[in-house]
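Data block below; observations after.
The values are calculated or read from the model by the stated rules, or taken from the named source; none is laboratory data. Computed from a predicted structure; not experimentally measured. Quick note on the areas: whole protein, heavy atoms, side chains included, nothing else; ligands and nucleic acids left out. Shrake-Rupley method; radii C 1.70, N 1.55, O 1.52, S 1.80 Å.
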Amino acid sequence: MPAVLGSFFHQPLPVADYWLWLVFPICLALSLVYKTTRAARFRDIFPAALLLFATMIGGFILLTIAIWLITFL
Amino acid sequence: MITAVGQVPENMPKQQTTTKFTTADFIRAALLAWFIPGGGHFYLGLRKRAVLLFVCVEVTFFIGLYIGTIRIVNPAHSFLWFFAQAFTGLNTIVSHLWAVRLDKVQATVLIRNWSYYMGVLYTGVAGLMNLLAIFDTVIRAGRANSGQVPLPAD
């Protein structure tokens, strides 16, 4: 059993073609942890985290558009 | 209105706890928060938050290990990122011991490609998220002690 579990972490996952999608889980985890530490009530965490997640992704998209415009126009 | 010993009726709002913590409690909570993600919040009685923190930090850390292999948890490869990873406590201790052992067995150069960088990023960010949780544990305990902000019910 430990050998099977161990082999799970021995070979790297080829992420070169879709590394950009990995921004979603890390942003979600980050927003959840941040709001867990900030929210006054537990039930406020999930809506606030969702809003923060959307803000982060939206910010990345806007930043991408801005950099693209600066570079190619 | 208390219906039975230790039971509060459902229609009553949950009371915020006002607990006094000693210096030993502070140290214990901070160490627990470092050793097991969410442990500090669990110690303070914030169990739902503790579970949420545990899941978020652990999932992020293990996604990182799955992408970049366990060998990325090694100061010999990236010291500053290892410093960040170290805030996940037990995860890093076990992973690092395993990585050192694996480095001896595999004896190949760790290739710095997308897998490596994404793995290091995920595990490092997991550690930094737990650092935030450690600070929150200590700050919440401190505020509750001084009577500024009592601990929430959940």
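Quick check on the protein assembly as shown: take the gyration tensor over C-alpha atoms, sort the square-rooted eigenvalues as a ≥ b ≥ c, and tell me if it's rounded (a/c under 1.5), prolate or oblate. The shape class here is oblate. When A:Leu50, B:Leu46, A:Leu22, A:Leu73 are compared by accessible surface with a 1.4 Å probe, the order from highest to lowest is A:Leu73, A:Leu50, A:Leu22, B:Leu46. How far, in degrees from 0 to 90, does helix B:47-68 lean away from the longest principal axis of the Cα atoms of chain B, to the nearest 10? So the helix axis and the longest Cα principal axis differ by about 10 degrees. How far, in degrees from 0 to 90, does helix B:23-35 lean away from the longest principal axis of the Cα atoms of chain B, to the nearest 10? It works out to around 40 degrees.
Entry comment: accessible area of region B:15-135 is 49 Å² per residue, from protein heavy atoms only and a probe of 1.4 Å. For region A:17-72, the carbon plus sulfur part of the accessible surface works out to 78%, probe radius 1.4 Å.
Would you calculate the convex hull of the Cα atoms in region A:17-72 and tell me its volume per residue in Å³?
On the way: hull volume 4.1 nm³, N = 56.
It comes to 74 Å³ per residue, whole-number rounded.
Once the partner protein chains are put back, region A:6-20 shows a loss of at least 50 square angstrom of accessible area, versus the chain by itself, at A:Phe9, A:His10, A:Leu13, A:Trp19 (probe 1.4 Å, ligands and nucleic acids excluded). Using C-alpha pairs below 8 Å separated by at least 6 residues, the relative contact order for chain B is 35 percent. Per-residue 3J(HN,Hα) values for region B:91-104, derived from phi via the Karplus relation 6.51 cos²θ - 1.76 cosθ + 1.60 with θ = phi - 60°, read 3, 5, 4, 5, 4, 5, 4, 5, 5, 4, 5, 5, 4, 6 Hz in sequence order (x marks Gly and Pro).
Using the alpha-carbon positions of region B:21-145, Rg (one decimal) and Dmax (whole number) come out as 15.6, 53 Å.
For region B:21-145, the fraction of 1.4 Å probe accessible surface lying on carbon and sulfur atoms is 76 percent. Close amide H pairs (under 5 Å, H built 1.01 Å from N) link B:Leu151 with B:Thr17, B:Thr19, residues at least 5 positions away or on another chain.
Association of chains B and A removes close to 2700 square angstrom of accessible area from solvent, both sides included, for a probe radius of 1.4 Å.
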